[in-house]
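Here the structure comes first, spelled out in structure tokens, and everything after it is commentary.
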Amino acid sequence: MGASQQEQGPLRVALLGCGVVGSEVARLLTQQSADLASRVGAPLELVGIAVRDASAPRPLAASVDRSLLTEDAEGLVARADIVIEVMGGIEPARSLLLRAIESGAAVVTANKALLAEDGPTLYKAADTAGVDIYFEAAVAGAIPIVRPVRESLAGDSVRRILGIVNGTTNYVLDQMASTGMSFDDAVKQAQDLGYAEADPTADVEGFDAAAKAAILASLAFHTRVSLEDVAREGITSITADDVAWAAQTGHVIKLLAIAESVTGDDGAHGVSVRVHPALVPLTHPLAGVRGAFNAVFVEADAAGELMFYGRGAGGAPTASAVLGDVVSAARHRVLGGKGPEESIYAALPILPASTAVTRYQVRLAVDDRPGVLAQVAQVLASKGVSIEAVRQPSEPSVPGPDGAEDDGATGVAHLVITTHAAAEAALAATVDAIAVLEPVQEITSVLRVEGA
């Protein structure tokens, strides 16, 4: 260690929030203090942990001094060199981080909602103050994805990102696929295991994944993308029947966050960002992501296809990502230098999800008689939607409400039509036209096919 590093005093670290993630961050900072000091070149001193109620019981490790707990978040921020924010929410997190930046502190945050809603304000403030802002833990927990997209692929052109970035929904869909469990029962099990909150809305309705998609899209395409720019559809409409039919056609259903480079009808080049359930072929790497794990699949011009896989949530995994950012920010304090700034030079337009071109799978219940398929095929042809495959598989065995298997109604045939790539608008018009055909009893499912 050089003389200048030996003379470096401790770097004061403030921690905002002491929940599941915050308590793990505090534990790692204290238990690994010697190793962290060697990696940084100076000691990291945890000077306080801001909480709403310092008297409330908390699962702090024995190595963490409980006297560090304080309800004076503003005072704590004012005396820190590095501020870690894991409290979540928009306020007071935003005001506290801006105060920290203005006072010259580096900032590390795991707050995906804040970054997706008002990240540019924080980035601009950090740039003006000449301090670092890091947020690896805001997307996919322990999985290193922000740094690779922002730095490792900085010399490449990203074409598309497909991500399973919400562990709760992946667990729910995986349980439905592997056990035949209903959506409600799978959610209840996820809650019992601690994978889902008491109110799972943010997860199952896709809000959490949409915030992460906005962050990834902003980094990948050098364009500001906000939460409002992300088309969002959750998994609450997915049934055990949908999951069973997906398996029959060689797919698994996943909630995907997708950001891609697209060209609109007017020829304008832009970015489409969306979150929705999709059929993923069993041959695709994302199909094998089980349980509460996350994975992000990146397609780039020069690098080709890359996949990042691991635990996307939880106290220890997320704390690992937080500490990685803390070390980077601290080393800049000791050795000089600064982390990457917001890159928005491309300023591409955000195009609606309807401009995205993808394959679809449409499932129909029709009269079981000759000539029906011909009528359906004629409608698709008239709308310019090309058929890739038509299946009339045997009815999958799906447990009914009484536990008995429902083998389908007599006189009803099920058609599963997979299209070639088509624009969403063309597909929507096709579905509307098919629905009014006399032999069509019901359009039971329309799902996108991604990753094929």
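For the reader, a short list of remarks on this structure follows.
- Classified by the C-alpha gyration tensor, the range 1-90 has a prolate form. Its axis ratio a/c, with a ≥ b ≥ c, is 1.5 or above, and a/b is larger than b/c.
- In this simple spin-label approximation, R369 and R52 carry label points 7 Å from Cα along the Cα→Cβ vector, and these lie 6.3 nm apart.
- For A61 and S382, the difference between the fully extended length at 0.36 nm per residue and the C-alpha to C-alpha distance is 108.9 nm.
- Surface/4 estimate of mean projected area, convex hull on alpha-carbon atoms of the range 293-364, nm²: 9.4
- Packing, taken as the mean count of other beta carbons within 10 Å per residue, orders the peptides 104-110, 44-50, 328-334 from highest to lowest as 104-110, 44-50, 328-334.
- The range 238-330, relative contact order [Cα under 8 Å, separation at least 6], %: 17
- Probing with 1.4 Å while keeping every protein chain in the model, the per residue accessible area of the range 210-340 equals 35 Å².
- Cross-link check: pairs K124/K212; K112/K188; K254/K383 evaluated at a Cα-Cα cut-off of 23 Å; pairs beyond the cut-off: K112/K188; K254/K383.
- The percentage of C-alpha pairs in the chain whose separation is greater than 35 Å is 37%.
- Crossing angle, helix 207-221 versus the chain [Cα axis fit, 0-90 degrees, rounded to tens]: 80
- Cα long-axis angle, helix 167-179 against the chain (0 to 90 degrees, to the nearest 10): 40
- Atom-type composition of the exposed protein surface of the chain places 49 percent of the accessible area on carbon and sulfur (1.4 angstrom probe).
- Protection proxy ranking of 78-87, 205-214, 350-359, by the mean of other Cβ atoms within 10 Å over each peptide's residues and highest first, is 205-214, 78-87, 350-359.
- Point-to-point label distance, R39-D199, nm (Cα→Cβ direction, 7 Å offset): 3.6
- Cβ-derived FRET efficiency at R0 35 Å, S178 paired with Q441, nearest 0.05: 0.70
- Normalised by 2.2 N^0.38 Å, where N is the number of residues, the alpha-carbon radius of gyration of the range 83-225 equals 1.17.
- Pairs of Cα atoms in the range 42-167 fall into 10 Å distance bins, from 0 up to the last occupied one, in shares of 11, 36, 35, 14, 3, 0 percent.
- Nearest-ten-degree value, helix 315-335 long axis tilted from longest Cα axis of the chain: 50
- Spacing of the two label points (7 Å from each Cα toward its C-beta) at A78 and A421, in nm: 5.8
The values are calculated or read from the model by the stated rules, or taken from the named source; none is laboratory data. Note that the structure is a prediction, hence the values are computed from the model and not measured. Cβ sites come from the backbone with ideal geometry, for glycine too, and all protein chains shown count toward neighbours. Note: areas computed on protein heavy atoms with side chains; ligands, DNA, RNA excluded. Shrake-Rupley method; radii C 1.70, N 1.55, O 1.52, S 1.80 Å.
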